[in-house]
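Peer 1: Would you mind keeping the following structure in view while I ask a few things?
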Amino acid sequence: MHLIRNAVDHGLESPTERLAAGKPETGRVTIEAKHSVGEVWIIIEDDGRGLNREKILKKGIERGMDVVKRNIEKLRGKVDVRSKPGAGTMFAVRIPLTLAIIEGMVVKVGRNRYTIPINSIKESLQPSARQITRTPDDLEVVGIRGELLPVIRLHEFYNVQADRQVITDGILIVVENDVNKCCLFVDEVIGQQQIVIKG
């Protein structure tokens, strides 16, 4: 976010300056994410005025180490900067892929999406009404192959609006860790995806 704000606030010229420099009136900032040779690359590029080396060095000496560089180095990453006066600037943030890539199941709850690690998922199902029971202490449970599992409604847990309120209309994702097993109630399953996470 810091790099994007920087490109918009300081990299791009005003429409008048851009027209005077023979550029389109509207500036452009592009964001690209990819992985290459064991690294995740996030590239932020603008077609603005480029960096003023002397001005940056002066500010850097006044303020100390740059916040972006410091935070990326905490992740064992690097920042490459390329700039051409009058033509724009490119920041390439490189983070080691060993940081963590998980296979995840992306699910939808209302307008929100959540990722559940595939390793934690046992199965997913659309239950029938006869599988659903409510205990005396008002806990929803679902019977799956002789086992009663508690249901956690993700829209209630995260306090968001869901498209589906009736359990038989949605999907139950059976998840477990070393000691616990439960069902997560979601609107629908979007699909599988690789997710880069910070541990």
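Peer 1: Between the helical axis of 53-63 and the dominant principal axis of the chain, each derived from Cα atoms, what acute angle in degrees is found, rounded to the nearest 10?
Peer 2: 60 degrees
Peer 1: Let me have the relative contact order for the chain, percent, based on Cα pairs under 8 Å that are six or more residues apart.
Peer 2: Relative contact order for the chain comes out at 18 percent.
Peer 1: Something else about it: Which of the aspartates and glutamates could a cross-linker bridge to LYS84, judged by Cα under 20 Å and excluding same-chain residues fewer than eight apart?
Peer 2: ASP9, GLU13, GLU17, GLU25, GLU32, GLU45, ASP46, ASP47, GLU54
Peer 1: Continuing with this model, one more query. Farthest toward the dipole's positive end in the chain, which of VAL160, THR133, VAL174, given Cβ charges of +1 (Lys, Arg) and -1 (Asp, Glu) about the Cα centre?
Peer 2: Farthest along the dipole direction, towards plus: VAL160.
Peer 1: Using a 1.4 Å probe on the protein heavy atoms only, what accessible surface does ARG5 show? Give it in Å² to the nearest 10.
Peer 2: 140 Å²
Peer 1: What number comes out for accessible area per residue over the chain if the probe is 1.4 Å? Units Å², please.
Peer 2: That works out to 67 Å² per residue.
Peer 1: For labels at ILE31 and VAL160 in the simple 7 Å Cα→Cβ model, what's the distance in nm?
Peer 2: That separation, rounded to one decimal, is 1.7 nm.
Peer 1: Moving on. Assign unit charges at the C-beta atoms only (+1 for Lys and Arg, -1 for Asp and Glu), then state the dipole size of the range 79-162 relative to its Cα centre in Debye, rounded to the nearest 20.
Peer 2: Magnitude of the dipole: close to 480 debye.
The values are calculated or read from the model by the stated rules, or taken from the named source; none is laboratory data. What you see is a predicted model, and the numbers here were worked out from it, not measured in a lab. We place every Cβ from the backbone using ideal geometry, glycine too, and count neighbours over all the protein chains shown. Protein only, heavy atoms only, side chains kept; ligands, DNA and RNA dropped before computing areas. Shrake-Rupley method; radii C 1.70, N 1.55, O 1.52, S 1.80 Å.
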